[in-house]
Amino acid sequence: MKKSLRWGAAVATAAVATMTLASCGFSGGSGGSSGGAQTLDLMVASYSDNTKAEWQQIIKDFEAKNSDIKVNLDVESWTDINNVIKTRIQAQKQPDILNIDAFAGFAADDLLYPAKDIVSSSTLNDFQDAFKKNASIDGTQYGLPFIASARALFYNKDDFSKAGISAPPKTWAEFEEDAGKLKAAGVTPTACRSAARRRRPRPRSGSTEPAAATATPRS
């Protein structure tokens, strides 16, 4: 992929990421001018029936403070968004800012700007280190986390008692150890929703991770 198609920076990661493709008005790609205003195309994933309205309000507030910038919103379902963005990239019509669940492939194809090339250092430093790490690949941050969630584990006290476990695990190492004990006791250690029902990737157990990321493609 030509660098003219690169996104500018990613906005979220780990479970879901928002990325800025370099093509957006940051360096003369898909972003353009409309009546003297800079135009940015934003594609986001739909989390609920309220997603579009929430983003429209965010855009309204942003444009009120930045009258020289117009943002075009495109909301796609989790079922379709990966295929849509692939098609857009092939047609060189990728959005300037993308909210999605993974961006490693885009980074590998040299389609993303490092976040530091798009966002001020003061903004980057405002993110927690754990979030920045999850938004990075090989030491380079591409994503800008904008949603974070604390995930919870539920456990069956009877199964734990059967396996000789007196308390729930507090670390990943303890989680693995307890899983081994449960398995040895004839208990299935873990269970989660099927891939067909999941709408967002699962974070590592016991961690608090960004639920979504945003990136900007390079132009």
query: Which cross-chain or sequence-distant (5 or more) residues have an amide H under 5 Å from the amide H of Asn72, H modelled 1.01 Å from N in plane?
result: Leu40, Asp41, Leu42
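What number do you get for the stretch 105-161 when its Cα radius of gyration is normalised by 2.2 N^0.38 Å, N = residues? Don't skip to the end; give the middle numbers.
On the way: Rg = 16.9 Å, N = 57, 2.2 N^0.38 = 10.2 Å.
Normalised Rg, Cα atoms only: 1.65.
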message: Under 19 Å between alpha carbons, and skipping anything fewer than 8 positions from Lys86 in its own chain: which lysines qualify?
response: Lys2, Lys3
- prompt: Hey, rough spin-label estimate for Asp109 and Asp74, points 7 angstrom out along Cα→Cβ, what's it come to in nanometres?
  reply: 1.4
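Once you've got the Cα coordinates, tell me which of Lys70/Lys93; Lys133/Lys181; Lys157/Lys183 are over 22 Å apart.
Details: Lys70/Lys93 17 Å; Lys133/Lys181 32 Å; Lys157/Lys183 15 Å.
Too far apart for the 22 Å limit: Lys133/Lys181.
Which order do the peptides 152-159, 112-119 take when ranked by the mean count of other beta-carbon atoms within 10 Å per residue, highest first?
Values: 152-159: 10.2, 112-119: 23.0.
The peptides rank, most packed first, as 112-119, 152-159.
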field: Rg and Dmax [Cα atoms of the stretch 60-151; Å; Rg one decimal, Dmax integer]
entry: 14.7, 40
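A short reminder: the numbers here are calculations on the coordinates, not readings from a lab. All values reported here derive from a predicted model rather than from experimental measurement. Note that each Cβ is placed from the backbone with ideal geometry, even for glycine, and that neighbours are counted across all protein chains shown.
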